[in-house]
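Quick notes on the structure that follows.
The values are calculated or read from the model by the stated rules, or taken from the named source; none is laboratory data. Model, not experiment: these values are computed from the prediction. Reconstructed Cβ throughout: ideal geometry from the backbone, glycine too, with neighbour counts over all protein chains shown. Calculation scope for accessible area: heavy atoms of the full protein, side chains included, ligands and nucleic acids excluded. Shrake-Rupley method; radii C 1.70, N 1.55, O 1.52, S 1.80 Å.
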Amino acid sequence: MDSDDGKTTSMDSDDELADYEFIDNDSDDSNDAASHRFQVSSNCPPTAATVSSALLLGICSLPDTIFRNAVDMALADSECNKHENSELRLSCFFNKAHDLLKLYDRVDVPPERLLFKIPSTWQGSSCFVPTNLEILNCPLFYVYRRHHNMFRQFSFSLCSKTRQVYMIRTMMKRTQELLVFLVLALFYKVTGMKRPCCKPQQPADCGSFCLSWRLAVEANNVRGWRTVPTQCFLYLQTYMTGGQYDRDVEFIVGEITSYVNGIVPSDDGKDEWILDVDDTCISNVYYYKGKRYGCDPYDPSAFRAWAMTGGCPAIPAMLGLFNKLVNSGFKVILLTGRNEETLGQVTIENLHNQGFLGYERLILRTAAYKGQSAVEYKSAIRKKLVEEGYRIWGNIGDQWSDLHGDYVGNRTFKLPNPMYFVP
């Protein structure tokens, strides 16, 4: 502590600790509260004097000053721990704490904001156990120190017995969780049920499963699926809107462009490319956002209402490829399963509004093809085009049904679409 001349000197630990009194926080009047002496051992010294975290962060953000250095020193115990003598070690801790308190006084830090820290260990808790006091909870207590006719208020949590109770309760809770896990494991084993890979709100835990599922879908190894697995909702949301879908499309378009650059169209005007429309030229991702990106079953009425708005945006990379094909002299055929009678005009306007201009023909499903599968319908259309003399250099679609069947062309290119499946 400080001597009369202002110098810091070593103190007798028992005398210093005798200045501390315990005041119960539950008391209405701290001045009238009963005082309790502490049982303190020399191997449990206070480690630092500090203040609120906001003020500490403010001090530590300043350039190197005596205040910042004091904080750093107060939080470093190696200097004091090197003392083998317990009394010297305790004096060292007190001196460090008191030096920091003096600096806070100089900058007018209110003493009620100061916190006196003790080791957060079993040993630290046992250092400050008040005699004749039964502690069943973990309230906040105050330690006052008399010095120069002033009260320095510190606070700390005293939880000796509560710590034991807490640990027992924690062990019981974990034992209960383990028992529940074992019961569930036995249940799944007996019933043969598959455990869900994770909760929908934890996409990171489902990442491996959903990635594998999406790759299997794109490779056409999973067929006839009607909805996206519910646990993959957030995964697909991230994939479709987080940038990876766009990058995948751009990569595929890059491959298509390399292929196109190696073709020299003839002068007869019969070199042709076939492009699907929905989620190939224009996107329905905004509609499927409301359908949880395919986790909800397909609703033909709702999709028709969405298509009637004509609000499908262009897929940027595909719009660029479309323009390149047109400008390179290829005839572009847009082939869609949309109903010509109900969606014909709005589809034409939607495509034109999004910049798809100069295509050779837009072919929609007519009554003659009603009831046919997508493979049957598009195969029949492609057959007619070939019979008309067209050479199909490439065929692009987001569904395997766009690319299977007869007269598929020299090369087919599948764009990613894990939101729905068209047989």
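Summary of computed values
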quantity	calculated
Given (1) at pLDDT below 75; (2) assigned to a helix (DSSP H, G or I); (3) in contact with a Cys (Cβ under 9 Å, 6 or more places away or on another chain), number of the condition C198 does not satisfy	(2)
Any chance E250 is exposed (fewer than 13 other Cβ atoms within 10 Å of the Cβ) and either polar (S, T, N, Q) or in a helix (DSSP H, G or I) (or both)	no
Qualifying position, being open to solvent by 30 Å² or more (accessible area, probe 1.4 Å) and either more than 22 Å from L403 (Cα to Cα) or at pLDDT below 95 (or both), among G269, G242, G262	G242
Unmet criterion (only one of (1) over 26 Å from V253 (Cβ atoms); (2) open to solvent by 40 Å² or more (accessible area, probe 1.4 Å); (3) small (G, A, S)) for A380	(2)
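Listed here are the residues, each with its yes/no results for (1) in contact (Cβ under 8 Å) with a residue 60 or more places away in the chain; (2) of a type outside the set (K, R).
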site: A368; (1), (2): no, yes
site: K378; (1), (2): no, no
site: R382; (1), (2): yes, no
site: L385; (1), (2): yes, yes
site: G394; (1), (2): yes, yes
site: D398; (1), (2): yes, yes
site: M419; (1), (2): yes, yes
